[in-house]
Structures are given as structure tokens and as C-alpha cells.
Amino acid sequence: MARPHSAKVAAAIEKLSTASGSESRGAIFTRVEVVEFILDLLGYTEDKPLAHQRMLEPSFGGGDFLLPAVSRLLSAWRAGSGKKSPLEDLGESIRAVELHRETFDATRAAVIALLTQENLPQSTAQDVADRWLTHDDFLLTELDGQFDFIVGNPPYVRQEMIPATLLEVYRSRYPTMYDRADLYIPFIERSLSLLSQGGSLGFICADRWMKNRYGGPLRNLVAEQFHMKIYIDMVDTPAFHSNVIAYPAITVISREKPGATRIAHRPAIDRATLTKLSEMLRATDLPKNCSTVRELSSVTNAAEPWLLESADQMVLIRRIEQQFPTLQEAGCIVGIGVATGADKAFIGDFEDLDVEADRKLPLVTTRDIASGEVNWQGQGVINPFAENGGLVDLKDYPRLRRYLEARQEVISGRHCAQKSPGNWYRTIDRITPALAKKPKLLIPDIKGEAHIVFEAGKLYPHHNLYYLTSEEWNLRALQAVMLSAVTRLFVATYSTKMRGGFLRFQAQYLRRLRLPHWRSVSESLRIELIEAATKRDIQACNRAAFKLYGLSHEEKSGLGGNGS
């Protein structure tokens, strides 16, 4: 029985429950081969006494997981003995929750149809379905007891899509809903809290929480109380019926003593392959010389990001982290370019921006550095800020005033302008002209390979470019390090991967890099680093970086080369 909510919370839940678009509900539909694979991994199989165990599906949607699970439960029940009545035998076997009203009704009808196909009377099928299914918000509804199996694909909903009243309630109940955490984070937290001793959770969902800042509290919870049992990287696999940019992982977490984690990468999505893989992942001992599944110890480490690469690469990263200071401790600053909130208004051809000369700056964008060198296309950005950090008085700048007022409707429509109408013409980020004059390294957010471009100190970076500046390190030498396999290993290990295997070179990952102080680098190695970057010779960058970090022959081999 669902607990009644306050009027405001009930209204917010009703808004979500009647949302028309699947995106607003975070609904992504999972292929049946993947569903059967996850059920196998959990051990929710027909040879088990499933009628005497309990399964939970926290967001059952169209029944992708629920309907196959019901089929397995019925097969196991019919094969068992001591049957009383379907309601008595099966009534406690499943609990499944769904918030969206139309989806709930359609899937309830599908469950009843499946039960009647299995020769349950219509009225009994309805009674069983109504015992199993709950129309409510999983994060707020009451659920009785604990569960041996929890399975599903939790909704991927960004905070901006959640009504403020509801978001406040979620935050008060779920400590893991930290920073910019999406809705699937508290779904995992609550699901884990409902696991019985020895029970297992199997989810397919976005992998960002395993490495991002906002996943820290949830990672810590898993490290302290659970066993991160199985991890399967699903990058570039068609696990869903629709394309998603950030591919997910399958994660099996059990309420038992922590131990080693079994890891597989990018399996083919066909039943035979997945059946064989599930057998290996669940085997008591891994087969000798098994190349498909690896076993890593100490994957979880309090709130630290999970390192899910090969064991030798993990050892190398930990060694470098212990031996060298962080990028920032070594005198390097990581930043991100300006976000305006209305690029069409604030950005245009530099020469055509009809404002006073000191109210615009030449702008560098990802297009300008696509070749690996700066090739400025002539864009500029309006600067509404005074030297002291406040906005300039438009009375002192008649051309700027005319320019901005001609675009006032667009500029004033931004959230930041509506929050502070008196400052309607500010960009989201403050613009500091001195940054344009600083030599810097420019790094696009999403790339397949490290794409680190030297900019001599003439241009201001756009918001989809990160930048590095340093008063200590020579930037050409730093560019060589950033282009090296060592940097790629760090980013690949800590970053979430995107479609096509692309990496995210975001500030939070760049700040994890380690770097010796410039003063400790020999003159000969300084020259070697600078020359390698200037020539954009990646192999030379690798050789110099391997010397910088003192890599052994085995460590070089682990990065795909011996540095010779």
C-alpha cells in the first residue's frame, strides 16, 4: 500500500507520472538478449525455487525485465512441488514499481495477459498482478521486507527535469544524491538498502557514477557495505532499442563480504555469446588463460573513482599517484572557456561586432583547432565586464548599449538574466581579458585521442574548450606530456566513455593527472619534451614522458609500447 504524500509532493509526482515524452521520464528500453543475460548473472533462473524468493523491479516501464522474470518464475513454480494457490504461492515473489500512469496500465495488462496464457483464471491473474505491481514513486513508496534479487534499468533523469519540491524531498532522504547526481543514483541507493543478506542487484545504467564527482557517496556506500561483483562495459554495444550517447555498464552488486570484481568488455549482443559469458562470470573459478573475463581486486576504494582497467595499468596509475604531485600542485591551472547562455547574441564575426574596441575579444572555438594547430576563423565574443569584475555601465558604452538592446529579448530570456534582471546583459561566466593574453593549452571536451593545442596568448577560449596555463611549466613541454600515452591512460581510466569510444577530457579528469615539478626536470629532458611537442611527434612525446615518470620496461609495455 503506497503511503499518501503531501499535497505539493503529490502534485510533483503527478506531473512526472503524466509526462508525455520518454526523455522526461528517463525511459530507455532494453533488448531482450541483455535482459535475459542480466537475469542469468543474478541467478534468477528456472532451476531455482523462485517462488520462495523475492524479486524487485524498481521502474518496470514497458516490462522489459518484468515479463521475462514472470515467465521464469512461472516455469520454476510449475516445476516445484507443494503448490497451494497461485496467489498464495506467488503473491510475495515479485514487487515492481512504475510511476508513469499510461505505462503502468499498459504493462499491468501485459502481465495479466501473460498469466492467463499460463492458464491462470482471469480474476486470479488480476489479483496476482495487483499484489505484484505498485503505481507510485519508487523513491518514496513503502515496500515490505527485503529482496533476494533486484533488477532493472533505472530511469536516467537529469536534475533539471525533476520538480523542485520533489528534488528537495529526494535530497533529504538519499545522501547519495550529491552535487549534480541524476535520478538513477538514489534509485541505486534505495535498491541496495532493500537487498537481503546474500542478495544481488543487477542494473544496466549509465556508468558515470563510477568515476564522476557526483558518484563519490554512492561509491563509498558500495565499498563499505557491498561486494562489487561483476562489471561489464557496454560501450559501443546495441544494448537498447534506441541510441544513447553515454553507453552504460551492467553492474552486479551483492550484499556480502567484499571481494574481487570480474570484468568483461563490450560483448556481442547475441544469446549464445551472452549465455557463455554469464557462465564464465558466475563460475567458481575462472578458466585458465581466459581472455574474455578478468578479475581485479580492490576496485572499490572508499569514494575514489573505480579503476576498471587492466591490473598492470592500475598498478602504474597508483604508483604515479603516490610518487608525483597533482597537476595543480605542480603549478598548472585547469579552466574552462566562457559560457554566454546566448551564443548567437554574444558571439559573431569579430570585425562585424559593432561595439567599442575594448568590449570584444577574439574567440577560439573547437573549429579553430580541428587541425591540431590554431587556425582562427575570425570569431569574437562580447565582453560586458569591467576590470573590477562588475558589469560596465552601458551609459559609458553607447555602441555596446545599442548592440545589446537590439538583442535584449534573447539575452533577457536566459535563466541567469531572469534571476537578476538588473544584470540582464552579463554572460553566464565572467570574462577576464587577461586570459586571452596568456599562452595556454586548449583541449576539446570530447575526443577520441588527446587533442592538445598550443595557443600563444591571443585568443579567449569558448565554453566547450578546457585550457591549461602555468607559471611554472613550459607549455610546449607540458603539451608533450598531455599528448603522451600516460595522460591518455589517466583520462581513459577516470573518464566516462562516450559513443564510438570517445573520451571526456573534462576538468575533473584532467585534475587527476600527476606531474613532477618543472624544477626537477633535467635540462636535456626539457629540450626533448619541447621538441617532441613542437613537431607533434606522438612517439617522441611518449619516449620523453616515459623518462619523465621513470617507467620500467614492463610499465611501458602496459601502455602499448616500449618507448624506443
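The values are calculated or read from the model by the stated rules, or taken from the named source; none is laboratory data. As the structure is a prediction and not an experimental result, all values here were calculated from the model. Here the Cβ positions follow ideal geometry from the backbone for every residue, glycine too, while neighbour counts run over all protein chains shown. With ligands, DNA and RNA removed, areas are computed over all heavy atoms of the protein, side chains included. Shrake-Rupley method; radii C 1.70, N 1.55, O 1.52, S 1.80 Å.
Values for this structure:
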{"read-out": "Checking Glu36 against (1) open to solvent by less than 40 Å² (accessible area, probe 1.4 Å); (2) at pLDDT 80 or above; (3) part of a helix (DSSP H, G or I), the condition it does not meet", "value": "(1)"}
{"read-out": "Matching entry among Arg282, Arg294 (being touching a helix residue (DSSP H, G or I) at 6+ places or on another chain (Cβ under 8 Å) and over 30 Å from Arg512 (Cβ atoms))", "value": "Arg282"}
{"read-out": "Residue in segment 277-287 that is touching a residue at least 40 places away in the same chain (Cβ under 8 Å) and touching a Lys or Arg at 6+ places or on another chain (Cβ under 9 Å) present", "value": "yes"}
{"read-out": "Lone unmet requirement of (1) buried (at least 16 other Cβ atoms within 10 Å of the Cβ); (2) hydroxyl-bearing (Ser, Thr, Tyr); (3) at pLDDT below 95 for Tyr460", "value": "(3)"}
{"read-out": "Meets criteria (over 28 Å from Leu140 (Cα atoms), of a type in the set (Ser, Thr, Tyr) and at pLDDT 95 or above) for Ser71", "value": "yes"}
{"read-out": "Residue list for segment 349-366, filter: open to solvent by 70 Å² or more (accessible area, probe 1.4 Å) and over 15 Å from Tyr460 (Cβ atoms)", "value": "Glu351, Asp352, Asp354"}
{"read-out": "In segment 278-296, residue farthest from His227 (Cα to Cα) [restricted to those that are of a type in the set (Ser, Thr, Tyr) and assigned to a loop (DSSP other than H, G, I, E, B)]", "value": "Ser291"}
{"read-out": "Matching residues, segment 513-527, being under 17 Å from Leu551 (Cβ atoms) and within 37 Å of the chain's Cα centre (by Cα)", "value": "Leu513, Arg514, Leu515, Pro516, Ser520, Val521"}
{"read-out": "Residue check for Thr116: hydroxyl-bearing (Ser, Thr, Tyr) and closer than 18 Å to Ile13 by Cβ", "value": "no"}
{"read-out": "Flag if Asp349 is over 32 Å from the mean Cα position of the chain (by Cα), at pLDDT 95 or above and over 30 Å from Glu472 (Cα atoms)", "value": "yes"}
{"read-out": "Filter result for the condition that a residue is on the phi < 0 side of the Ramachandran plot, in contact with a Lys or Arg (Cβ under 8 Å, 6 or more places away or on another chain) and either open to solvent by less than 20 Å² (accessible area, probe 1.4 Å) or not aliphatic (A, V, I, L, M) (or both), over Glu309, Glu295", "value": "Glu295"}
{"read-out": "Long-range neighbours under 8 Å by Cβ, at least six apart or interchain, first residue under 16 Å from Glu98 (Cα atoms) within segment 154-172, second of a type in the set (D, E, K, R)", "value": "Pro155/Arg25; Tyr156/Asp182; Val157/Arg25; Val157/Asp182"}
{"read-out": "Residue match in segment 369-380 (condition: crowded, with 20+ Cβ neighbours inside 10 Å and out of contact with any strand residue (DSSP E or B) (no Cβ under 6 Å at 6 or more places or on another chain))", "value": "no"}
{"read-out": "Helices (runs of 4 or more DSSP H) completely within segment 43-129 that count 1 or more residues being touching a residue at least 60 places away in the same chain (Cβ under 8 Å) and of a type outside the set (Asp, Glu)", "value": "66-79, 101-117"}
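Residues are listed down the side, and each one gets a yes or a no for (1) open to solvent by 20 Å² or more (accessible area, probe 1.4 Å); (2) not aliphatic (A, V, I, L, M):
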| residue | (1), (2) |
| --- | --- |
| Pro384 | no, yes |
| Asn388 | yes, yes |
| Leu391 | yes, no |
| Lys395 | yes, yes |
| Glu405 | yes, yes |
| Arg414 | no, yes |
| Thr427 | no, yes |
| Arg430 | yes, yes |
| Pro433 | yes, yes |
